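Single-structure report; data block below.
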Amino acid sequence: MVNFGILATMEAKPGKEDEVAAFLKSALPLVQAEPGTVAWFAVRFTPTSFAIFDVFPDQKARDAHLGGEVAKALMARAPELFDGPPEIERVDVLASKLS
């Protein structure tokens, strides 16, 4: 069961759209190594708008993810790739269906 989530949205700098997409795809192995991350999605809304949505069973797992390798890489690359810092929202999962 998942109870907590994160929605991180970001806007690519002009000309950096493909690099953002590649960066997000490259983060998958880092997330796969996180036992508390139940599901993780990197998505593209428009040619320049991207997001990460992930879910966790408890607050401890969400906090671990926020302090993990993906978050560190995201913040380190933000000035280069994004038009402003990523907007990171902590969300409560009200209902879910996994597999």
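Structure notes:
- Within the range 24-51, tally of residues that are in contact with a strand residue (DSSP E or B) (Cβ under 9 Å, 6 or more places away or on another chain) and within 18 Å of R77 (Cα to Cα): 12
- Candidate set from the range 17-60 (those that are in contact (Cβ under 8 Å) with a residue 60 or more places away in the chain and hydrophobic (A, V, I, L, M, F, W, C)); member that is surrounded by the most Cβ atoms within 10 Å (Cβ to Cβ): V20
- Qualifying residue in the range 52-61 (condition: modelled with pLDDT of 95 or more, farther than 15 Å from R90 by Cα and in contact with a strand residue (DSSP E or B) (Cβ under 8 Å, 6 or more places away or on another chain)): no
- If you go through the range 74-94 and keep only what is of a type outside the set (A, V, I, L, M, F, W, C) and either over 12 Å from L24 (Cβ atoms) or at pLDDT below 95 (or both), you end up with P79, E80, D83, G84, P85, E87, E89, R90, D92.
- Checking S96 against (1) surrounded by 12 or more Cβ atoms within 10 Å (Cβ to Cβ); (2) under 14 Å from the mean Cα position of the chain (by Cα); (3) among the small types (G, A, S), the condition it does not meet: (2)
- Residue match in the range 27-48 (condition: within 11 Å of the chain's Cα centre (by Cα), among the β-branched types (V, I, T) and assigned to a helix (DSSP H, G or I)): yes
- Looking across the range 1-16, the residues that are buried (at least 16 other Cβ atoms within 10 Å of the Cβ) and aliphatic (A, V, I, L, M) come down to V2, I6, A8, M10, A12.
- Counting only residues that are out of contact with any helix residue (DSSP H, G or I) (no Cβ under 8 Å at 6 or more places or on another chain) and either of a type outside the set (G, A, S) or closer than 16 Å to S26 by Cβ (or both), the range 53-73 holds 10 of them.
- Residues in the range 49-67 that are of a type outside the set (A, V, I, L, M), over 14 Å from F4 (Cβ atoms) and within 11 Å of the chain's Cα centre (by Cα): F50 alone.
- Count of the range 49-99 residues which are outside any strand (DSSP E or B) and among the hydrophobic types (A, V, I, L, M, F, W, C): 15
- Identity of the residue in the range 3-26, of a type in the set (V, I, T) and under 11 Å from the mean Cα position of the chain (by Cα), that ends up farthest from D63 (Cα to Cα): T9
The values are calculated or read from the model by the stated rules, or taken from the named source; none is laboratory data. These figures come from a predicted structure and were not determined experimentally. Note: ideal-geometry Cβ built from the backbone for every residue, glycine included; neighbour counts use all protein chains shown.
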